Amino acid sequence: MSFHIFNVEYIIDYDLRVVAPLAIRSAGSPYGAIDNPIVKIRYGEKELPYIPGSSLKGVFRSEAERYVRTIYGDTPEYVCNILDPRGEKGELHRKEKEEGSYRPCLVCRVFGGPTIASSVIFHNAFPKDDHYSISVMRRVSINRIVNAQHPGRLFDVEFINPGTVFTGAITIENIDILSNESKEAKLFNVVFNRFKGGFMSVGSGRSVGYGLLSVDRFNVKRITLVDGRFIESDVTNEYMKVIENV
């Protein structure tokens, strides 16, 4: 993947509706009123909850790795061990071993890794029109030995209520997602289609139904360089047809 020249850029902006309680945890404070607060960012005089781009990238990459392993097998040329870059299936190990013939794995060529920057940029998503609602639920710790309530161990969980809408964007650099001809484009399109279909959850508590999101709407803008000028065009309808066929 080449970053030293400009080939094409796509920007997908979208609205995400919270379908199930959303809880993306912050580090919190041992002295705060809430034991498990959600992540927030200061914006002017306000503190807004948001969906970090890193959280979205994490679920996209995990889904991409699962897809690639299913289609191409668990081979480091297609999907590396991102957690052990110097291990046998790690990118740094492969780069040293393969020298001049080395090429980052397919997932890294799209989402980045130890030897290459990401071609996809996930921007933070913020509540649309600053409208949101937050609730707190009291939970109880379970004693794993007796499988019953642990006396005296209550804790509060903060979450964003269903119905809240977030708006965000994804930038894709030098991957022509209007075509499924390249493996990189098809991989991104498959994962985005899963995301659009509401099959990917974000944040804590996913195993108990938290974090489910649905895409209310999305628009796709294509940016090309023609005769030294950047030209923007709306390709939403064309892109919808492309992802219908992945």
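All of the numbers you see were taken from the coordinates with simple rules; none came from a lab. Note that the coordinates shown come from a computational prediction; the quantities given were computed from them, not determined experimentally. Positions of Cβ are backbone-derived with ideal geometry, glycine not excepted, and every protein chain shown enters the neighbour counts.
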Most exposed to least, judged by fewest other Cβ atoms within 10 Å, MET200, MET137 sort to MET137, MET200
With x for Gly and Pro, the residue-by-residue ³J(HN,Hα) of the stretch 4-13, computed from phi through the Karplus equation 6.51 cos²θ - 1.76 cosθ + 1.60 at θ = phi - 60° and given in whole Hz, is 7, 10, 9, 9, 7, 9, 10, 10, 9, 9
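Let me check against my output: what whole-number percent is the relative contact order of the chain, with C-alpha pairs under 8 Å and at least 6 apart? Could you put the intermediate results ahead of the total?
Numbers: 481 pairs, mean separation 78.5, N = 246.
Result for the chain is 32 percent.
Restricting to DSSP H runs of at least four residues, report the calculated mean residue ellipticity at 222 nm for the chain, -39500 (n - 2.57) per run over all residues, nearest 500 deg cm²/dmol. Display every interim value, and only then the final one.
Values: 5 runs with 56 residues, N = 246.
After summing the helix terms and dividing by the residues of the chain, the value is -7000 deg cm²/dmol.
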Between ASN174 and GLU232, what length comes free when the chain is fully extended (0.36 nm per residue of separation minus the Cα-Cα distance, one decimal in nm)?
19.4 nm
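Give me the dipole magnitude in Debye, nearest 20, for the chain about the Cα centre, with unit charges on the beta carbon: positive for Lys and Arg, negative for Asp and Glu.
Details: 31 positive and 30 negative charges, 167 e Å.
Using Cβ point charges on Lys, Arg, Asp and Glu, the chain gives about 800 debye.
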Between the stretch 109-124 and the stretch 5-21, how many Å separate their Cα centres?
14
Simple spin-label estimate for GLU45 and ASN245 in nanometres, 7 Å along Cα-Cβ:
5.4
Before anything else, pin down the relative contact order of the stretch 1-135: Cα pairs under 8 Å, at least 6 apart, normalised by residue count, whole percent.
20
Residues with amide H under 5 Å from that of CYS80, placed H, sequence gap 5 or more
VAL107, CYS108
Label corresponding to Cα extents along the principal axes in Å when calculated from the structure given, among (i) 65, 45, 34; (ii) 48, 39, 38; (iii) 64, 47, 40:
(i)
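Mind sorting LEU92, LEU106 by how few other Cβ atoms lie within 10 Å of their own Cβ, fewest first?
Least to most surrounded, the residues fall as LEU92, LEU106.
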Which entries of LYS183/LYS241; LYS57/LYS186; LYS46/LYS196; LYS57/LYS221; LYS89/LYS196 have Cα-Cα distances beyond 23 Å here?
LYS46/LYS196; LYS89/LYS196
